[in-house]
Structure formats: structure tokens, C-alpha cells
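The values are calculated or read from the model by the stated rules, or taken from the named source; none is laboratory data. Remember, it's a predicted structure, so these values are computed and weren't measured experimentally. When we count neighbours, we look across all protein chains shown, and the Cβ atoms used for this are built from the backbone with ideal geometry, even at glycine. Surface areas here come from the heavy atoms of the whole protein model, side chains and all, with no ligands, DNA or RNA. Shrake-Rupley method; radii C 1.70, N 1.55, O 1.52, S 1.80 Å.
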Amino acid sequence: MARPYEPASLEQKWQKRWKEEQQHKTREDHAKPKFYCLEQFPYPSGRLHMGHMRVYSIGDIIARLKRMKGYQVLHPMGWDAFGLPAENAAVKYGAAPSKWTYENIAYMKQQLERVGFSFDWSREVTTCSPEYYKWTQWLFLTFYERGLAYRKKASVNWCPECSTVLANEQVIDGLCWRCDSEVTKKDLEQWFFRITDYAERLLKDLDNLPGWPEKVRTMQRNWIGKSEGANITFTIPELDDEPVNVFTTRPDTLYGVTYMVLAPEHPLVPRLIEGKPQAAEVRDFMERMKKESDIARTSADAEKVGYFTGAYAKHPLTGDQIPIWVANYVLLDYGTGAVMGVPAHDERDFAFARKYNLPIKAVINPLDENFLVEEIGVDSPYTDDGTLIHSGPFDGLPNREAIKAIADHLQKLGKGGPAVSYRLRDWLVSRQRYWGAPIPIIYCDNCGIVPVPKDQLPVLLPEDVVIDGKRNPLTTSESFVSTTCPACGGKARRETDTMDTFIDSSWYYLRYTDAANDQLPFDKEKVDKWLQVDEYIGGVEHAILHLLYSRFFTKVLYDAGMLSYEEPFRSLLTQGMVLKDGAKMSKSKGNVVSPDEMIEKYGADTVRLFILFAAPPERDLDWTDTGVEGSHRFLHRVWRFVEGNAALFKGDVPAPRPDQSAAAKELYRMTHFATKKVTEDIGERYTFNTAISTIMEMVNKMYAYPEDADRGTLAFAIERLLLLMAPITPHIAEELWEMIGKTESVHKQSWPDYDPAALVQDEVEIVIQINGKVRDKLIVPNGLSKDELAALVADHERTKALVQDKTVRKVIAVPGKLVNLVVG
RNA sequence: GCCGGUGUGGCGGAACUGGCAGACGCGCUUGACUCAAAAUCAAGUUCUCGCAAGGGAGUGGGGGUUCGAGUCCCUUCACCGGCACCA
């Protein structure tokens, strides 16, 4: 009586047993090589979605393989548990954010266990627990001690919907990354991390990350946005030669400057316009610019608007009078907030000069002799290379050389010099929200800003707060706000902002290495043992945000001597989205497929198999019901075959005798080939889809295996099949492994090797080509040399017929592959 | 505009090092089993001409290198993503 495949009961049976045996606990064994396999930890939103299923399926297949290959594997899991949804839930349902969060964690943890992911839960990390955020605060203070955390008043991004400020990285196309509302500007005093100090290292070290996708490295390079050029100091005679710096990437065009433009918010503007007839309209313009959002103002097709201030600057080399303008297209926080205008050689300057009738002066002579210098500035600016003209002592110099020559010359004169500018801004880390780690800072009227002493951490989140989505909740807790100054003992008040949740997730991968440490965030020896993360798997939506911040954190902690690596993630795998009907799953589209329902219907193994089989990991995956059915069908097929042949394993199992028949030899070869292919595809190439397709081919061969062929070879193939399936579909592999009489878990077995000799075929099919076109195929003994092959083909009747009376000019023979006859 | 990525059957995808394009799966067609259906097993399935044997075309388009190109080079188009009045 055949026993049917019943995933629901057998999966729970094994999950229970694995848990009892603590099978997924990290075994620290210094004799073995280590492997740190990490997937981005989830936000406890309530339910797992298919995106979660995908990341964790990918991580689990890798971790399970590495364990079987004899590595000590760190494969931890935790919760990115601070954040706004918990607060929104508090406003909506009146539940405390902590209650909401911990209930979600409990539910999602149970879901993850139901899929059979091999996480080491003994190292579980929850960022909203005081045991964790104590160290987040500790690290904030470390940053503060190192001068990397500072407070300043600035025009910052403000999300009215979330009632909080946002970092630049969290503003996507002018909208809030969380809620998509339009972000406005506000002048506020806020905490920043000095990530710009690390701009150059963050940029340069991207070159040392060959294991990262080019796409992600490019995105980070673009975000950091390095420009090389020069700072040039103009002076303003009417303000006692007050200096004003401009940044330019084209110092070679310095002699072509015909005007200068300042950002409307530039601090010099009020002094420049004082007493001038233009003062009123410039002031009016400045007011208008203040109100306009950044996107509207800086979009490429926005009209360029400018006003003459009435003031002039002095050119640093020629001494010419340069009119000073203000315009919407100049931004205060990029470069120096001031630019020089060279309309002859810059598209934007040209358009501006045309509009306001400013002079255009050509200083680069095109190398193209057909291009007349006189044409410059007539219809369009000339922005390519050339030699300098009208540039005093630099005339005749190729402009590329002039860039350096002029910058160096200015430096000698003390009027500027080579300079680099980055697009990257400092990281705004304070949030006017409740559900985050409190910033451990105290304000004292006598002592000013006083950090909370590290031995007084954690600064606990108070519970007597009002969360109404309107006020900063911590300001409503009197018991929290009023405190004493750690320095002078006088009355003081606490900082009421909390930290950006991206700080929590910037170091969680370090905490996993030493999750229970109550003396330090982590022990140096332990973190050094496990770092770097060997494979980090997550969504590309964090390409800039989380991945840049984590790199920054690692570098700062490296500088602080807390760890020995400057880069946290050796290799990065960015998995694609899970789509349904060509669109991202979303409630509003009504195309959400629930993992719970799928597991209920087919079992976790089927869901894992389908996710890994349907597409390579980096690509988007289209969820199809028929595809899932197919994966489920395959597991049934495996089950039936193994179950139907389980009797083979009663008593003494015969040894494989592949020499008994061609069929036996072929199955034996296939088994070794599959071992090789699956090992490489899962362990090195991360193409799980092709690993699975090879296993399917192997099963097809097993079905076609003759009844009377060698049983030992078949037994060998069955045993091997289960080992190869173990990382992919761990439950069914375990159950069938037990069924064939094994007493120790399949997951504790050593990953099988393959025998290269077994891969060699006696006979191979070669292709006969005439002039590169396939004309015939021929079975020949393996291992023939080029000459033997050519001779054999020359003798082949059909080849003779094809060649007929034509001359064979050349014969190309590739052993084991083909023979190509060039005839004519 | 700059940078990066992707283009292969009806669909998801394979071809890793220049060597039989379309593995594996989905879908579809046919057969076996069945009173029948489902399930299962077996065969077929790029397009096109042909009864067939056998031709021809074919990896977004055009060109090139090579005995041989999905793969390398040049060029061009489309789509996706990042940056963008960034000085």
C-alpha cells in the first residue's frame, strides 16, 4: 500500500525535531572554515509576504549547503522593530507600539519556523528591546565622542504626513520614502552624522567590492556624486574685498567668465543688495524661492530665473568687473553655493546669458579646424575640448592641461586651488517620533549639550506619553524630559528626538556575532571571527540607504578600533521582486498571494522549490499558480519514485555496478554530473533554478531506468538525490531519507563529492559542419585526437555525399564537440 | 544629458570558457490506463516550405572579427533602474 506524500504533517514533524535537537544552532568550531550567511532582517509589519519568502529561501539554501559542506555557519535572524507603523497603529487602534510590535514578532517568527528556515534563534536580535537599543545609544555616544555626531540648524526635509524630518536618502523624487507625501523644507536644529567625512573612502572602497552587483556600486557612486575641479576666490571691492568662493569643474574656462551667480539663500546676498535699486525685487525673489519646493525649483525643465544684485566682483586673474546675480538654479548646499558663469562653454550658462543678455566670451578654440571660433556662442555653447585662447599666459594650452595649470596657479596666488565636491550630504539622524531609540543627550543651561554617561544607558523610552500623530510624543512625558545634568547636577532636560531607525539596522549584523554581550555592543574577537558577512541577501531598494549607512558605520567602528574590517559585506546578492500578473503584489491591485495559504495548500517545500526554480535570484519572479502546481507535481513524482523503491534499502544495499549495462553507466554518470552541477550552482553561481532543473533531469532518468538494470546504481542515485535536495526542500528530503532506512538526519550528512572519472562518457556525439552549418551527427569513441576525428569524418559516407566534388580547404576538429569542413 | 542593467519560442527561463540555440518547467497536442473524469505514465511541441526524405530562416535592428557568434568588437533601437539646472 503506497503511502501518499502529505507535506503538512511531515513538515511539522521535522520542524519539531530540528528544534528539539537544536540543529540550526551555530556551532563554533575553529577547526572549520566559517561562513556568515545573512539576509536583511524584516520589519515586523504583521505578516510575511512573498518577498520575505524569497529572500529567506535564498539564504536558507546557501546556509544549508555550507553546513553540509563542513563550514561553521552563522545564519541568524532578528527584527528591525522600531519605526513609524507601530506608532500609526497606536493612533489608530490605541495599542501601545511595543505591544503591537511584539505581537507581530511572535506571529512572524512562527511563520518563519513553519517554512523550515534554518535560523539560529539563540542569537535573535530585536532592535526595539532595551538590551539592543542600549548599544545603539552607546554607539551614538561613540560617534559623538569622535566628533561625528553634531547638532546644527539647517533647512531640512520635513514630511508633514509623518510629522518628522527625513534624511536626504529618504526623500525619493521629492516624496517621503515611507508614505509618498510631498516633502517640504523647514529650518530646524537637528542631529547629524558626519558621513561626508567618509565620502572619499565610501567611494573608493566600492572598487574593492567585486562581490557586489555593478548596479548597486553605480547607484552608490552616483549618490556620493564626486566632482573634481577647483575653488576660485573672487573678491567684492565694494565690501572691502570680501572674498566669495565659487566651485567649478572647468577652471580652464576662467577667462571666459562674464557673470557670477549666487544661490538666493547665500549669506552675502543681503549685504550686496543693500541700498541698491534692485534690493526690493531681489528680496521678493528670495522669499519666493524659500517657499518653492526643491523639486519644483531644481527640475531640469524649470525656467531659469535670475536677478542682478547691482553689485560686482573682481575677477581673480584679469581684475575685470563681474556682475553678481542671484538665480533659482544655484543651490546653497552644493559646492560653495556660488557659481561662475561661462556662457560660451556651458549649456546652462549659455541659456541664462541669452535670456538676460549677458556677454558671451569664447576662450576654448575647438580642435576641429572646420569649426570657426566665431561660431561659438552664436547658436550653442562649445563644451568639448580645445585649446585656450584669450586666456593670457595660458593661451595655446590644451584645455585638459589648463584645468590643472590654472587651479595650481590660483593656489600659488592664494586665490583658490584644486577642490573636490560631493553630492552626499551629512546624515540627518534625529526624528520627532516615539518608536525609536532615544538620543542619549541632555541639555543643561549651565553646561550646554551633555552626553549621557555610557554607564547610565539605556535611556529608556517612557510609557507615559501621548501619541496622537501631531506632537513629538517624548515631549509629552514630563518624567522623561526633566532630569539632572550629569556634569553639574543642576536641573536639565533630555533630548526628545529619537534616532532614525536606519541607525538600528546599520550595526545589527555585528550584534549577531555576540548577541548576549552585556558589557559591549560586541566583542572584538567575536566580531572579527565572523566578519565579513560572506553573503548578504536583500532587496535592491536598500542599495543606497541601508547599505551605504552600514558601510559608513563599519568604517567608523574600524577607525575606533572596534573591529578589523572596513567593509561589512564581502558579497551582496540583490534579489528581484515577486510579481503577480506582471505587477508588484499589492493590496490595492488585489494581486497578493499569501504565503500562509500557499504553505497550507502545498506545503513549505513546494513554495521554496517554486520560488527558487521560477527565476534566477536577481531577476523579478512572476508568481504563477500553474508553476506552483508544477513544482508540487515534481515533489510528488520524487516521493512516488523513492517510496516505490524503498524496498531496495531493506537489508544489505547493493553497491553500484555501473559497468553492468549502458543504462546503469548512464544513470551513474548522471548522478555524478548532477552532484557537480548542483554543488556549483548552489554554492558558487547562485543559480538555484539550474540546480533544480538538473535534479529534475536526474529524476527523469531514474523514471526511465529499466526494471532489470543494476539495482545498486539505482540505490546510489536515490540516496544521492536526497542529499542534493536537502538544502532546497529540507522536509521531504529528510522524510525520504528516513524512509530509506537512514537514522541520522540528512542535514548532518557531508555534502557528496563527485568522481570526475565517472563523468567521462565512452562515446560522444559530435557534430559535422560544412562551412559552419550543421549537416550531420556522428557517434564516435571518446578521447579521439583532432587527426583521428578528422580522418573518421573524412571516411564517413554521408560526409562524402555532402562534400561531393568540392574541395575541402580546411578541416577544424574540436575533440568531443565537432568537425567543421570548409569547402569551396 | 551622464552612469548602470536587460532584450532568446505562446510563457518563466537555459546555453558558465566562441562550438548542436531553446536544457528544465509551465501551457498546448496526441496516445496508454479508465465505463468516464481526475491523477499518473509515454510521445510530440521555435517559425516556415514539404506527404516525406529534406530544405530555409532564427537570440531587438544594422555592420564587423572568426572555419564557427546568443556569447567578442563597432553602431543603433526599445525597455528598466540610478543621478541630474550638481556648477
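If you filter the range A:1-20 down to residues that are of a type in the set (D, E, K, R) and either more than 35 Å from the chain's Cα centre (by Cα) or open to solvent by less than 20 Å² (accessible area, probe 1.4 Å) (or both), you find that the one that is farthest from A:R633 (Cα to Cα) is A:E20.
Considering only the range A:780-787, I want to know if a residue exists there that is open to solvent by 60 Å² or more (accessible area, probe 1.4 Å), more than 26 Å from A:T687 (Cα to Cα), part of a helix (DSSP H, G or I) and of a type outside the set (K, R). Yes, the range A:780-787 contains a residue that is open to solvent by 60 Å² or more (accessible area, probe 1.4 Å), more than 26 Å from A:T687 (Cα to Cα), part of a helix (DSSP H, G or I) and of a type outside the set (K, R). Among the residues of the range A:800-813, just one is open to solvent by less than 60 Å² (accessible area, probe 1.4 Å) and within 8 Å of RNA strand B (Cβ to nearest atom), namely A:L802. Just so you know, in the range A:606-624 the residues that are touching a residue at least 60 places away in the same chain (Cβ under 8 Å) and of a type in the set (F, W, Y) include one that is surrounded by the fewest Cβ atoms within 10 Å (Cβ to Cβ), and it is A:W623. Of the numbered conditions (1) buried (at least 19 other Cβ atoms within 10 Å of the Cβ); (2) touching a Ser or Thr at 6+ places or on another chain (Cβ under 8 Å), A:G70 fails exactly one; give the number of that condition. Of the numbered conditions (1) buried (at least 19 other Cβ atoms within 10 Å of the Cβ); (2) touching a Ser or Thr at 6+ places or on another chain (Cβ under 8 Å), the odd one out for A:G70 is (1).
Counting only residues that are more than 6 Å from RNA strand B (Cβ to nearest atom), open to solvent by less than 70 Å² (accessible area, probe 1.4 Å) and within 30 Å of the chain's Cα centre (by Cα), the range A:625-637 holds 2 of them.
The residue that is nearest to RNA strand B (Cβ to nearest atom), among those in the range A:724-779 that are among the polar types (S, T, N, Q) and open to solvent by 60 Å² or more (accessible area, probe 1.4 Å), is A:N771.
The lone criterion from (1) modelled with pLDDT of 90 or more; (2) in contact with a helix residue (DSSP H, G or I) (Cβ under 8 Å, 6 or more places away or on another chain); (3) crowded, with 17+ Cβ neighbours inside 10 Å left unmet by A:P366 is number (1). Test A:Y536 against the stated conditions and say whether it is at pLDDT 95 or above and either in contact with a Gly (Cβ under 8 Å, 6 or more places away or on another chain) or open to solvent by 20 Å² or more (accessible area, probe 1.4 Å) (or both). In short, no. When only residues in the range A:173-193 that are touching a Lys or Arg at 6+ places or on another chain (Cβ under 9 Å) and not aromatic (F, W, Y) count, which is nearest to RNA strand B (Cβ to nearest atom)? Residue satisfying both the conditions and the ranking: A:K185. Only one of the numbered conditions (1) over 25 Å from the mean Cα position of the chain (by Cα); (2) among the aromatic types (F, W, Y); (3) in a helix (DSSP H, G or I) is violated by A:Y150, and that is (3). Only one of the numbered conditions (1) within 13 Å of RNA strand B (Cβ to nearest atom); (2) modelled with pLDDT of 90 or more; (3) hydrophobic (A, V, I, L, M, F, W, C) is violated by A:A279, and that is (1). Scanning the range A:397-436 for residues that are in contact with a Phe, Trp or Tyr (Cβ under 7 Å, 6 or more places away or on another chain) and under 23 Å from A:G256 (Cβ atoms) yields a count of 5. The residues of the range A:21-67 that are among the aromatic types (F, W, Y) and not in a helix (DSSP H, G or I), listed by number, are A:F35, A:Y36, A:F41, A:Y43.
Residues in the range A:344-356 that are under 40 Å from the mean Cα position of the chain (by Cα) and open to solvent by less than 40 Å² (accessible area, probe 1.4 Å): A:H345, A:D349, A:F350, A:F352. Taking the criterion of being within 10 Å of RNA strand B (Cβ to nearest atom) and either in a loop (DSSP other than H, G, I, E, B) or open to solvent by 50 Å² or more (accessible area, probe 1.4 Å) (or both), the residues of the range A:698-713 that qualify are A:N700, A:K701, A:Y703, A:A704, A:Y705. More than 15 Å from A:K773 (Cα to Cα) and modelled with pLDDT of 85 or more: does that describe A:E797? So A:E797 does not fit the description; no. Determine whether the range A:31-39 contains at least one residue that is open to solvent by 10 Å² or more (accessible area, probe 1.4 Å), free of Cβ contacts under 8 Å to residues at least 12 places away in the same chain and over 17 Å from A:Y686 (Cα atoms). Yes, the range A:31-39 contains a residue that is open to solvent by 10 Å² or more (accessible area, probe 1.4 Å), free of Cβ contacts under 8 Å to residues at least 12 places away in the same chain and over 17 Å from A:Y686 (Cα atoms). Select from the range A:89-101 the residues that are under 21 Å from A:Y133 (Cα atoms), out of contact with any Pro (no Cβ under 8 Å at 6 or more places or on another chain) and in contact (Cβ under 8 Å) with a residue 24 or more places away in the chain and list them in ascending order. Across the range A:89-101, the qualifying residues are A:A96, A:P97, A:S98.
Of everything in the range A:186-209, what is open to solvent by less than 40 Å² (accessible area, probe 1.4 Å) and over 20 Å from the mean Cα position of the chain (by Cα)? Give them in sequence order. Within the range A:186-209, A:Q190, A:W191, A:F192, A:F193 qualify.
If you go through the range A:447-470 and keep only what is in contact (Cβ under 8 Å) with a residue 24 or more places away in the chain and of a type outside the set (A, V, I, L, M, F, W, C), you end up with A:P451, A:P453, A:K454, A:Q456, A:P458, A:E463, A:D468, A:G469, A:K470. Could you tell me whether the range A:424-436 includes any residue that is without any contact (Cβ under 8 Å) to a residue 40 or more places away in the chain, of a type outside the set (A, V, I, L, M, F, W, C) and either open to solvent by less than 40 Å² (accessible area, probe 1.4 Å) or part of a loop (DSSP other than H, G, I, E, B) (or both)? Looking for residues that are without any contact (Cβ under 8 Å) to a residue 40 or more places away in the chain, of a type outside the set (A, V, I, L, M, F, W, C) and either open to solvent by less than 40 Å² (accessible area, probe 1.4 Å) or part of a loop (DSSP other than H, G, I, E, B) (or both), one finds none in the range A:424-436, hence no.
Checking each residue in the range A:225-240 for being touching a residue at least 24 places away in the same chain (Cβ under 8 Å) and either within 9 Å of RNA strand B (Cβ to nearest atom) or surrounded by fewer than 21 Cβ atoms within 10 Å (Cβ to Cβ) (or both) picks out A:G225, A:K226, A:S227, A:E228, A:G229, A:A230, A:T233, A:T235, A:I236, A:P237, A:E238, A:L239.
Looking across the range A:299-342, not a single residue is near RNA strand B (Cβ under 8 Å from one of its atoms), surrounded by fewer than 17 Cβ atoms within 10 Å (Cβ to Cβ) and at pLDDT 95 or above. Within the range A:690-702, none of the residues are within 21 Å of A:I58 (Cβ to Cβ) and of a type in the set (K, R). The residues of the range A:665-694 that are surrounded by fewer than 21 Cβ atoms within 10 Å (Cβ to Cβ) and within 21 Å of A:H632 (Cβ to Cβ), listed by number, are A:N689, A:T690, A:S693, A:T694. Where residues in the range A:770-805 are basic (K, R) and touching a residue at least 12 places away in the same chain (Cβ under 8 Å), which of them is farthest from A:L818 (Cα to Cα)? Per the criteria, the residue is A:R798.
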